[in-house]
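Below is one structure, written out as structure tokens; comments come after it.
None of the figures in this text is laboratory data; all of them are computed from the coordinates on show. Note that the coordinates shown come from a computational prediction; the quantities given were computed from them, not determined experimentally. A quick note on method: Cβ atoms are made from the backbone with ideal geometry, for glycine too, and the neighbour counts reach across all protein chains shown.
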Amino acid sequence: MEKYLLKDALKNGYAIGAFNFSTLEVLKAIIASAEKQNSPIIAQVSESAISFIGEEYLKDMIKAARKNCKVPISFHLDHGKSFETAKKAIDIGCDSVMIDCSMLPYEDNINITKKVVDYAHSKGVYVEAELGSIAGNEDDLKVEDKNSCYTSPIQAKEFVERTNVDSLAIAIGTKHGAYKYSGEAKLRFDILEEIQNQIPDIPLVLHGASGVNEVDVARLLELGVDIQGAKGIPEDFLRKASKMHICKINGDTDVRISYMVGILSNIESNNKSIDYRGYLAAGMNEVAKLVAHKIEIYGSKDKAN
Ligand SMILES: [Zn+2]
């Protein structure tokens, strides 16, 4: 197996940003920013991103990115819902896959995760699973607040032992999508601490961790995007979690927000042009700025070596 980036993050008390992409432009912006910050980076695709890009195109995008990228980069499947999807992502060339059966009964989650782990490890690929359930909306994923639940630290230990999974996504109060909190933001660091005591050698993963920058939300509202009331995870929470055993922090919503701020602002100021490269470059520029800021928060700057 190739070097597992999350192990170094665990050992040295930082987290690696995992950013979703659905287009070549976003991927290139993520990579350019990571190179500038000399940071390891994770680029991830959801099932719907794989179908949007197309399997053959994605395979070659990954190949080209790997060849050109000057910092350690890992390609990851985000929220694979079945063994078949995980297998597809492994065939495409992902270094790690997430199998998310957290909404199934516990024993089913264990069985399917175990099956994916056995197959993935035979191909030199790492596996992330989820225990507990994270609320919110993301792509085809929908979990009502009332159906979400925190990860049980005791169960986490048993789950890892029985599945041999490499990393674990935990539920401690984050939420998918742009609308995370109606009131005050809250994360259960006490549960995180108990989990890391139970499974000290397992890198933990935070989903639904977008910051949903207030300035960007205000700008999008000005530009006519319906994003009223959007609210994300405070930066201080993410700084603290990164120093603990959270080794991978996902952010899909933040990438979408930044990309659209760049594109729409450029269209507003440059609406006479049909050269779409100007709009896309402005979007890429905003994504690169976002990634650089996240790298600073997560503490992975200059950790590429
Ligand atoms: Zn997620």
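Things worth noting here:
- Percent of beta bridges antiparallel (DSSP, segment 5-298, rounded to nearest 5): 10
- In order through segment 243-249: 3J(HN,Hα) via Karplus (6.51 cos²θ - 1.76 cosθ + 1.60), integer Hz, x for Gly, Pro: 7, 8, 8, 6, 10, 9, 10
- Net charge dipole size for the chain [Lys, Arg +1 and Asp, Glu -1 on Cβ; Debye, nearest 20]: 780
- Separation of alpha-carbon centers, segment 200-241 and segment 57-136, rounded to whole Å: 24
- Sequence-distant contacts, meaning Cα pairs under 8 Å at least 6 residues apart, place the relative contact order of segment 88-225 at 22 percent.
- Of LYS146/LYS240; LYS114/LYS301; LYS36/LYS146; LYS88/LYS240; LYS114/LYS186; LYS11/LYS36, pairs whose Cα-Cα distance is over 30 Å: LYS114/LYS301; LYS36/LYS146; LYS88/LYS240; LYS114/LYS186
- Loop-located trypsin sites (Lys or Arg not before Pro) in segment 95-134, at most 12 other Cβ atoms within 10 Å (DSSP): LYS123
- Point-to-point label distance, GLU268-ALA64, nm (Cα→Cβ direction, 7 Å offset): 3.2
- Contact order normalised by residue count of segment 5-298, Cα under 8 Å, 6+ apart, percent: 21
- Exceeding the 27 Å Cα-Cα cut-off - candidates LYS3/LYS157; LYS67/LYS142; LYS123/LYS248; LYS7/LYS175: LYS67/LYS142
- Counting every other Cβ atom within 10 Å of each residue's Cβ, GLU138, GLU128, GLU194 order from fewest to most as GLU194, GLU138, GLU128.
- Principal-axis analysis of the Cα atoms of the chain puts helix 276-298 at an angle of about 40° to the longest axis.
- Spin-label model, THR23/ALA304: points 7 Å from Cα along the beta carbon direction are separated by 2.5 nm.
- Net charge of the neighbourhood of ASP140, taken over other residues with C-beta under 14 Å away and scored Lys/Arg +1, Asp/Glu -1, is -4.
- Long-range amide H partners of HIS176 with built H, under 5 Å: ALA135, GLY136, ASN137
- Normalised contact order of segment 191-286, rounded percent, pairs of Cα under 8 Å and 6 or more residues apart: 31
- Coupling constants for segment 130-146 follow from the phi torsions by the Karplus curve (6.51 cos²θ - 1.76 cosθ + 1.60, θ = phi - 60°), and in residue order they are 10, 10, x, 9, 9, 6, x, 10, 7, 6, 8, 8, 9, 10, 5, 3, 5 Hz; glycine and proline get x.
- Counting only DSSP H runs of at least 4 residues, each contributing -39500 (n - 2.57), and dividing by the residue count of the chain, the helix-based mean residue ellipticity at 222 nm comes to -15500 deg cm²/dmol.
- Exposure proxy ranking, count of Cβ atoms within 10 Å, fewest first, for GLU144, GLU158: GLU144, GLU158
- Evaluating 6.51 cos²θ - 1.76 cosθ + 1.60 at θ = phi - 60° for every residue in segment 188-194, the Karplus couplings come out as 8, 5, 5, 5, 4, 5, 5 Hz, glycine and proline recorded as x.
- Neighbour-count order for GLU235, GLU214, fewest beta carbons within 10 angstrom listed first: GLU214, GLU235
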